[in-house]
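These notes concern the structure reproduced below.
No lab work stands behind these numbers, since they all come straight from the coordinates. This structure is a prediction, so every number in the text was calculated from the model and none was measured. So basically every Cβ, Gly included, is an ideal-geometry build from the backbone, and we count neighbours across all protein chains shown.
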Amino acid sequence: MTPVEILRGDGPVVLGMPHTGTFVPDDIRARLNDRGRQLTDTDWHIDRLYSGLLPGATVVRATFHRYVIDANRDPSGASLYPGQNTTGLVPLTDFDGELIWETPPDEAEVAARCVEYHAPYHAALSAEMERVRARHGVAVLYDCHSIRSVIPFLFEGTLPDFNIGTNNGATCDARIEAAVQETCAAAEGYTSILNGRFKGGWTTRHYGQPDKGWHAIQMELAQASHLASETLPFAYDETRAARLRPILQTALERIETLALTLGGTR
């Protein structure tokens, strides 16, 4: 299986999906423990949730699971959130802090997985960002994520439905940040926060270079907003998703409009 799938569009927005993949090679799967093989920390059904919301968007999706290697982590292994519980480049635990390996990978294997999986995903994402920027003058990466709404190991209490990350405003034009924040804040029956527990992962921080014409914003959705339950089998809830999708569509359409304006001024 190829490590990355690309759906190429003609608009200024790129949807990044680093955590929807569930592919684990047999030799790696055999080294996970029973808990690890459940692949609990997948961004379940995010590709389905966003499908068709912005017809001109380019989609770059990792096919491999984050337990193989996390495409949203710094390949150097540096922590995104120093001093806070998190998971690494190749996670040793799940989001509950429980061990997931019978035989954890050593440094050499982590390096090999970087070459085989992490690097191709980001080579594809970089190429698409550059292609889009060349066409429109700017490219906006909207990084699509989801997570269980209650995970005491990672954060206290219940996570808001919409968790918007721009690394405290550094990764995109302020108008893009404001448009997404306003859309989410106005969504009746939902909660939202800007740069709370999730400020944007390595992808958002790496590609968010507004002075270069690359803008990036992360959306971390609480899975209760679109799943029937946040436990196995993590089934998609058509009713919840149908209520959520128009809000996401509005946010994406506003981003696209702003991107075309920004591109015209460069």
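Comparing L99, L252, L39, which has the greatest mean-square fluctuation in the GNM of the chain with Cα pairs linked when under 10 Å apart? Comparing L99, L252, L39 in a Gaussian network model of the chain, the most mobile one is L99.
Here the chain is assigned +1 on the Cβ of each Lys and Arg and -1 on the Cβ of each Asp and Glu. Its dipole about the Cα centre then comes out at about 680 debye. If you wrap the stretch 4-265 in the convex hull of its Cα atoms and look at it from every side, the mean projected area works out to 12.8 nm². By other beta-carbon atoms within 10 Å, ranking V140, V68, V115 with the fewest at the front produces V115, V68, V140. Here the mean projected area of the convex hull built on the C-alpha positions of the stretch 79-154 is 7.1 nm². Between the residues I217, L252, N168, the greatest Cα displacement towards the positive end of the dipole of the chain, with unit charges on the Cβ of Lys, Arg, Asp and Glu, is found for L252. Centre-to-centre, using Cα atoms only, the stretch 195-211 and the stretch 136-163 are separated by 11 Å.
Arrange the following residues from fewest to most other Cβ atoms within 10 Å of their Cβ: W101, W202, W44.
W101, W202, W44
Enclosing the Cα atoms of the stretch 195-266 in their convex hull gives a volume equal to 107 cubic angstrom per residue.
Estimated from helices alone, the mean residue ellipticity of the chain at 222 nm is -9000 deg cm²/dmol (sum of -39500 (n - 2.57) over DSSP H runs with n ≥ 4, per residue). Taking GluC sites (Glu not before Pro) in DSSP loop conformation with at most 16 other Cβ atoms inside 10 Å as exposed sites, the chain has its longest uninterrupted site-free stretch at 1-97. Dipole of the stretch 4-265 computed with +1 at Lys/Arg Cβ and -1 at Asp/Glu Cβ about the Cα centre; of T58, L99, H118, farthest Cα towards the positive end is T58. Across the stretch 1-108, Cα-Cα pairs more than 24 Å apart make up 30 percent of the total. Using only side-chain charges placed at the Cβ, +1 for Lys and Arg and -1 for Asp and Glu, the dipole size of the stretch 44-195 relative to its Cα centre rounds to 600 debye. For the options A186, A30, A108, a Gaussian network treatment of the chain with springs between C-alpha atoms closer than 10 Å singles out A108 as fluctuating the most. Can you tell which of A224, A139, A242 shows the greatest fluctuation in a Gaussian network model of the chain with Cα springs below 10 Å? Top of the fluctuation ranking is A242.
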